[in-house]
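Each remark here refers to the structure printed beneath this line.
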Amino acid sequence: MILGGSHGKVPFVADTPMTPISEVSALSADAIGRAVRLLERLASSGHPVALSNLARDTELPKSTAYRILQTLSTHGMVARRGNRYVLGPRMHALTSMVMSGPRGVRKRLMPYLLDLHRHTGGIARLALLRGEEVVYVETLHGHAHAALIPGVPDRVPAGATPSGRLLLAFAAGTAPRQRRSEADAGQGAVLPSASERRAILHDGFAHAERSPIPGLDSVAMPILGSDSLPVAAFELATTTPVLRSQSAMAALREAALAGSVALRTLPPEGHP
């Protein structure tokens, strides 16, 4: 259909070829899915990844992976490090918001995590249980341990860390907590055995026979919220056995207790 006028013929909008909405939706969903696959691959790596490796691991053509990465980079979700890619600042900011919790759990616990690091000189970590993994949202360390940190992942299978086994043990300790465990830990998380769970609940801490940080000894204690259920965990790693150091165990216990008290003073959801 053509409309005439004094300035010539102008095509009517109905005659302009248009892509059906269903096709647009399918194309958008496919592009989003590819972007998610690339972001997941970068998040799981813990170090910069080359384009060729990203394309291979996500089963995408190299040119397609490059175009998506360029778009993600424009929005700060991905950044380049030489000829390799890492998660970008905006992605880290979003992750931080999610991991901190809606009521500022991370912000409220930071002073006590800092005290733990200062009093022990060890590596002090704040851990949250997310699905089948433990996510370390903060890691404080000194110069003595600086060389160890770059190779330590922030996301670890829950069963492989003292914080994860501690949080799983507390979550599965009673029938109501078992329901929380199923929701938080996911179906694939390896729950501690009944005997290990009883020991953790009795002692109030979990000790790693093999630390997530090679060569270090780790102990974790829970941070309890207003419902007396664990919200997070403080984990202390040192070059000497933590359990043999009364001062280190006392500092960890004091930090966990102070952090728990601080969380109970947080305002209800929706209030400042």
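Here are the numbers for the structure shown:
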quantity: Residue, surrounded by the most Cβ atoms within 10 Å (Cβ to Cβ), within the range 28-50, restricted to residues that are under 13 Å from R155 (Cα atoms) and among the aliphatic types (A, V, I, L, M); calculated: L42
quantity: Any chance L38 is at pLDDT 55 or above and not basic (K, R); calculated: yes
quantity: Within the range 81-90, considering residues that are among the charged types (D, E, K, R) and modelled with pLDDT under 90, the one nearest to P230 (Cα to Cα); calculated: R90
quantity: Total residues in the range 91-116, condition open to solvent by 70 Å² or more (accessible area, probe 1.4 Å) and at pLDDT 80 or above; calculated: 2
quantity: Looking only at the range 200-214, and only at residues there that are without any contact (Cβ under 8 Å) to a residue 60 or more places away in the chain and assigned to a loop (DSSP other than H, G, I, E, B), the one that is nearest to R155 (Cα to Cα); calculated: S211
quantity: Any pair with Cβ under 8 angstrom, 6 or more apart, that starts in the range 259-272 at a residue that is more than 20 Å from A127 (Cα to Cα) and ends at one that is open to solvent by 80 Å² or more (accessible area, probe 1.4 Å) and at pLDDT below 85; calculated: P267/R103; E269/P102; E269/R103
quantity: Count of the range 53-71 residues which are in a helix (DSSP H, G or I) and more than 26 Å from the chain's Cα centre (by Cα); calculated: 4
quantity: Identity of the residue in the range 117-127, out of contact with any helix residue (DSSP H, G or I) (no Cβ under 6 Å at 6 or more places or on another chain) and at negative phi, that ends up modelled with the lowest pLDDT; calculated: G122
quantity: Subset of the range 215-250 [crowded, with 22+ Cβ neighbours inside 10 Å and part of a helix (DSSP H, G or I)]; calculated: V242, A248
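The values are calculated or read from the model by the stated rules, or taken from the named source; none is laboratory data. Since the model is a prediction, treat every value here as computed from it, not as a measurement. Here the Cβ is made from the backbone with ideal geometry for all residues, glycine too, and neighbour counts use every protein chain on show. Please note that ligands, DNA and RNA were not included when accessible areas were found on the heavy atoms of the full protein model with its side chains. Shrake-Rupley method; radii C 1.70, N 1.55, O 1.52, S 1.80 Å.
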